Amino acid sequence: MSFFEKSLLSIQNLDTENVKLLFSRAKAFKEEFRKSRRFDHLIRQPSNRPIVVAMVFLEPSTRTRVSFQAAAYRFGFRTIIFDSATSSSMQKGESQYDTLRNISAMLPDLMVVRYGNSPEVEGILDTMNCPVISAGSGTGEHPTQALLDAFTILEARGSIAGQRVLMVGDVVHSRVANSNIQLLNRLGAEVGICGPEVMLPAALGDWKNVKRFSDLRLAVSWCQVLMGLRIQKERHEEVGISNSAIEIWDQYRVDRVHLESLSDNGIILHPGPVIRGVEFSSDVLQDRRCLVLEQVTNGLFVRAALYSLILGLEV
Ligand code: CP
């Protein structure tokens, strides 16, 4: 597909050529930013009218919300932030569905939307007056996180094809895992998952070529890319996982001892937020192989590249 004026709601919307184009633009923006602390001047014909991006966050966010906003500012776009149900008319009973329809009716040029498990919201995103970028949807998808993760792997490891990527944690509730597994499979990586049974999918379904591990140390020695995933306690109530099940998590916390099994040139990722002492011990975040903050930096450039492609800003 061409990115121009298209929504990005799922990794399924992208083919390998799209990903290559996006990554080459993100790389150009990052390299230019290193030299001159800007990349907006790489756009050959900037828009001669103000561009308004409406950012609607119906679930909490730090990294995704702020990096979409920072990327918009780097281009000089105007952003409208809607992230508080308590200070909006949702407090008076207006639904998420109608809230989105009303924001779309104000004719922004682009919408960035984070939402929960809501078929009603999912169903109307295709009918907005402008392209929509998913900023994460419940336990569904987080396409831009998967893109920035793959970009980070490519940068650090030199390729994605052939890399062995292990996801440790609450895989079954993770939109990041879902988008990452689809994208990494498409780009030729091998994927492994590891965690307590209640946090792994009962069946792998559409996920092809995914290895399951129950022993964390064995899993770490298999991989070159170790990706932690947050335990999504807020989703557990919906599916009846009790706190006692979460306690078995202790066996899956990555710590210094596990890192002894990770190859010297392996890398450590986590989409964030990292809950220290839960998924990772603090020393994992200090390991020289840990690229968690580099992922955040790459999020800025990947999202800027995506804006430019959807809005038809050529470099
Ligand atoms: N990775 C991620 O989506 O983080 P936030 O929830 O803070 O945006």
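Based on DSSP loop calls and a cut-off of at most 13 other Cβ atoms within 10 Å, the longest stretch of the chain free of exposed trypsin sites (Lys or Arg not before Pro) is what? For trypsin sites (Lys or Arg not before Pro) (loop position, at most 13 other Cβ atoms within 10 Å), the longest site-free span of the chain is 45-207.
Once label points are set 7 Å from the Cα along Cα→Cβ at both Ser261 and Val66, what is their separation, rounded to one decimal in nm? For the pair Ser261/Val66, the computed spacing is 3.4 nm.
Across the range 4-97, Cα-Cα pairs more than 22 Å apart make up 46 percent of the total. Note on Ser10 and Ser282: the model spin-label points, each 7 Å out from Cα along the C-beta direction, lie 4.3 nm apart. Within the range 1-109, list the GluC sites (Glu not before Pro) lying in a DSSP loop whose Cβ has at most 14 other Cβ atoms in a 10 Å radius. Those satisfying the criteria are Glu5, Glu94.
Here's the list of lysines a cross-link from Lys30 could span, going by alpha-carbon distance under 27 Å and ignoring same-chain residues fewer than 8 apart: Lys6, Lys20.
For the chain, the longest principal axis of the Cα atoms and the long axis of helix 16-36 meet at an angle of about 80 degrees.
With the alpha-carbon atoms as the only input, what is the per residue convex hull volume for the chain in Å³?
Numbers: hull volume 42.5 nm³, N = 315.
Here the figure is 135 Å³ per residue.
The numbers here are math on the coordinates, done by the rules we state, and not lab data. Source: prediction; values computed, not measured. Positions of Cβ are backbone-derived with ideal geometry, glycine not excepted, and every protein chain shown enters the neighbour counts.
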